[in-house]
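The values are calculated or read from the model by the stated rules, or taken from the named source; none is laboratory data. Treat the numbers as computed from the prediction; the structure is a model and nothing was measured. Note that we place each Cβ from the backbone using ideal geometry, even for glycine, and neighbour counts take in every protein chain shown. Please note that ligands, DNA and RNA were not included when accessible areas were found on the heavy atoms of the full protein model with its side chains. Shrake-Rupley method; radii C 1.70, N 1.55, O 1.52, S 1.80 Å.
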Amino acid sequence: SRERDGTRIEFRKSHLLYNAHRVAKPVNDLIVVEGFTSVWHFHQLGHVNVVALMGSSCSNEQADFIASLVRGDGHVWILSDGDAAGVKCAESALRAISTKRFCRCVPLPDGQQPSDLTGDDIEQLISVEID
């Protein structure tokens, strides 16, 4: 936080979703990643319905925001990093979002980042038939 002209200015990432303003809501499928660089990568590959938590946890505010971006019968795909923080992120997001929308965690191999995926990899991971 900082102070400017007598006003305290704070950035609270737990109240925001990176790239949410570009999602033409409501969408059928939304991909949730940890970091904003993964959003850039996915966007370059043509996947524009992607938001980032900007960390390894999902707040209730972020979960509500995610739910507002996805149709009631839509799907949220959680693609967190393939490390301990990624596991924490996936668990946190699943807990927070799954009561509001259908969620599926897409585990990545140890050490892999969503930004390591190709366009075909992404298509394969999020096109799983849902019963």
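With every protein chain present, what is the per residue accessible area of the chain (1.4 Å probe, Å²)?
Value returned for the chain: 57 Å² of accessible area per residue.
Positive end of the charge dipole of the range 4-131 (Lys, Arg +1 and Asp, Glu -1 on Cβ, about the Cα centre): tell me which of 70, 114, 124 has its Cα farthest that way.
70
Could you put 117, 16 in order of accessible surface area, largest first, with the 1.4 Å probe and the full protein assembly present?
Values: 117 10, 16 75 Å².
In descending accessible area the options line up as 16, 117.
Which loop GluC sites (Glu not before Pro) in the range 23-131, with loop taken from DSSP, have no more than 16 other Cβ atoms within 10 angstrom of their Cβ?
Taking the range 23-131 and a limit of 16 other Cβ atoms within 10 Å, the loop GluC sites (Glu not before Pro) found are 129.
If you compute Kirkwood radius over Cα pairs in Å for the structure shown, which of (i) 14.9; (ii) 17.4; (iii) 15.9 do you land on?
Derived directly from the coordinates: (i).
Mind giving me the nanometre distance, one decimal, between the label points for residue 95 and residue 112, set 7 Å out from Cα along Cα→Cβ?
In this crude spin-label approximation the distance works out to 2.6 nm.
Taking a probe of 1.4 angstrom, what is the accessible area of residue 87 in Å², to the nearest 10?
The value for residue 87 is about 80 Å².
Just the number, please: carbon plus sulfur as a percent of the accessible area of the chain, 1.4 Å probe, no ligands or DNA/RNA counted.
Answer for the chain is 48 percent, counting heavy atoms of protein chains only.
Which chymotrypsin sites (Phe, Trp or Tyr not before Pro) in the range 5-69 sit in a loop by DSSP (not H, G, I, E or B) and have at most 13 other Cβ atoms within 10 Å of their own Cβ?
Within the range 5-69, the qualifying chymotrypsin sites (Phe, Trp or Tyr not before Pro) (loop, at most 13 other Cβ atoms within 10 Å) are 11.
Any idea what the relative contact order of the chain is, in percent, if you count C-alpha pairs under 8 Å spaced at least 6 apart?
24 percent
First select every other residue whose beta carbon is under 10 angstrom from the beta carbon of residue 75; then total the charges, Lys and Arg +1, Asp and Glu -1.
Computed value for this residue: +1.
How big is the charge dipole of the range 1-112 about its Cα centre, in debye rounded to the nearest 20, if each Lys and Arg gets +1 on its Cβ and each Asp and Glu gets -1 on its Cβ?
Here the range 1-112 has a charge dipole of around 300 debye.
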